[in-house]
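One structure below.
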Amino acid sequence: MSLDWMTMRQLASLADPVGVLSIYVTLDLPERAEASRKPAWELRIRHQLGQLRDRLRRDGPREHWKAFAHRLDELRLPLERLLDPAAPGQGRALFAGVADGRVHTVELQVPLVDRVVMEPRAYLRPLVAAWSSAGPAGAVSVSATELRVVDLRFGRAEVVDTIRYEGTGEQRALKGPAAGNPALSQHGAPQHDLFERREEDRLLRFLRTAGPRLAQHVTHREWGDLALTGEATLVQAVREGLPPALPAEVVTLDHPVSSLPRPRLAATVTPALEQARQRRHRALAERARGNALSANAGACGLGETLGALQQGRVAHLLLDADRQWAGSRTPDGFLVPGGELPPGVAAADLCPEPHLGERMLELAFRDGARVTMLDPDAVAPLADGAGAILRW
């Protein structure tokens, strides 16, 4: 299964009365070449599955343990494919309801984690983190003959469009006199220069007209950043043709890369795209904090963010990629940060919620909010590593 935001929302909607089994694995590249023994990632995953089975047998209802054991037997072949060193994808995930339901798998060319989780809903934090750090971006290599449009996501590069410039065919009419007529040779160079200027103007006008088509790719493919690379004059013409309200940060690179294969092109633009993503993430955190301080549409801190999520006001949730949060749940289901006591609720009535981060993700997906996991530098403006841009 390819990964886009619609797929992420579909996975977030998975629910099961016994639990949704979420299995993540990252294949160690050197170990993939060794066929003499079972790889470490397979041993880790099977060990965690065994621990989960034993815990359900010891602590859970007997019906849940039996359902899990039966489902695990049904998942034997999907598990073998998930752990197969020869299968595609470095980072892989499998989601399956224990009581019933389809099996969903995702393969990415970036590392995830090695983890087995069974909760009422799919465990999506590793996928959200991968989306935030290596998610969709675009690259356009610009030359005098074509624009090559490349989709970059999760370690893969795919050419998704080629926009060719055919020229006008007017050179014959504008070229100077034959070389055998020296009396007229002085007129040849001006005629040739005139053609060159006209052809360059036509090329630049053509490149500007590519803007709306590129904007469609940005929107349709959910690119957060767009890199334009090539000769500076040509790149500038393409940039001038882009709509002013483009929902992506545009970066330009003066690199003639039209002849590079996709992997080399990706390697050339990736550092600039990573810097653009970092700037965009930091700007989101600063915007959330600034809006919160001015009593505008923003939340900063765990308490404010939790409250806004439960009111359905969050448009874009921002969370520290490295932090874990714990909290409590009131008898009526309201979530509060750890150590806080809501008015009118006794401490004895609170139920611990050790996985508050996952509950925040579930609330965000429930209401169609975007989610971004931030690295330490980008998340610095947000108290408690949590914030949000609000709808109102």
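Which order do the peptides 135-147, 314-326, 271-283 take when ranked by the mean count of other beta-carbon atoms within 10 Å per residue, highest first?
Highest to lowest by the protection proxy: 135-147, 314-326, 271-283.
Around residue 110, with a cut-off of 13 angstrom between Cβ atoms, what is the net charge of the other residues, counting Lys and Arg +1 and Asp and Glu -1?
Spelling it out: positives minus negatives among the neighbours equals +1.
Which listed residue (293, 355, 325) has the Cα farthest towards the positive end of the charge dipole for region 293-371, taking +1 on Lys and Arg C-beta and -1 on Asp and Glu C-beta about the Cα centre?
My answer, from the dipole projection, is 293.
What number comes out for the charge environment of residue 382, summing +1 per Lys or Arg and -1 per Asp or Glu over other residues with Cβ under 14 Å away?
For residues surrounding residue 382, the net value is -3.
Rank 72, 251, 21 by how far each Cα sits towards the positive end of the charge dipole of the chain (+1 on Lys, Arg Cβ; -1 on Asp, Glu Cβ) and give me just the farthest.
Farthest towards the positive pole: 72.
Using only helices, what value at 222 nm comes out for the chain when you add -39,500 (n - 2.57) per DSSP H run of length 4 or more and divide by the total residues, to the nearest 500 deg cm²/dmol?
Counting only the DSSP helices, I get -13000 deg cm²/dmol.
Taking the mean number of other Cβ atoms within 10 Å as a proxy for protection, how do you rank 45-55, 226-236, 375-385 from highest to lowest?
Ranked by mean Cβ neighbours within 10 Å, highest first: 226-236, 375-385, 45-55.
At a Förster radius of 25 Å, what calculated FRET efficiency corresponds to the Cβ-Cβ distance of residue 62 and residue 351, to the nearest 0.05?
Given R0 = 25 Å and the Cβ-Cβ separation, E is 0.60.
Under a Cβ-Cβ cut-off of 14 Å, what is the net charge of the residues other than residue 322 that fall near it, where Lys and Arg count +1 and Asp and Glu count -1?
-2
Based on the alpha-carbon gyration tensor of region 245-392 and its eigenvalue square roots a ≥ b ≥ c, which shape applies: rounded if a/c is under 1.5, prolate if not and a/b is larger than b/c, or oblate?
The shape class here is prolate.
How many angstrom separate the Cα center of region 257-321 from the Cα center of region 206-237?
So the separation of the two Cα centres works out to 21 Å.
Give the peptides 120-129, 70-79, 203-212, 11-20 in descending order of average Cβ contacts within 10 Å, highest first.
Ranked by mean Cβ neighbours within 10 Å, highest first: 120-129, 11-20, 203-212, 70-79.
Rounded to the nearest 20 Debye, what is the dipole magnitude of the chain about its Cα centre when Lys and Arg each give +1 and Asp and Glu each give -1 at the C-beta?
Here the chain has a charge dipole of around 460 debye.
Label points 7 Å out from Cα along the Cβ direction at residue 164 and residue 377: separation in nm?
With each label point 7 Å from Cα toward Cβ, the separation is 4.2 nm.
Between residue 9 and residue 146, what length comes free when the chain is fully extended (0.36 nm per residue of separation minus the Cα-Cα distance, one decimal in nm)?
45.7 nm
Any chance you could get the radius of gyration and Dmax over the Cα atoms of the chain, in Å?
Both quantities, over Cα of the chain: 27.3, 105 Å.
Under Stokes-Einstein, with the Kirkwood radius over Cα pairs standing in for Rh, what whole-number D in µm²/s applies to region 1-132 at 37 °C and 0.692 mPa s?
After rounding, the answer is 217 µm²/s.
We did not get these values from a lab; they are worked out from the coordinates using the rules stated. Worth saying up front: this structure is predicted, and the values here are computed from it rather than measured. Using ideal geometry, Cβ is built from the backbone for each residue, glycine included, and neighbour counts are taken over all protein chains shown.
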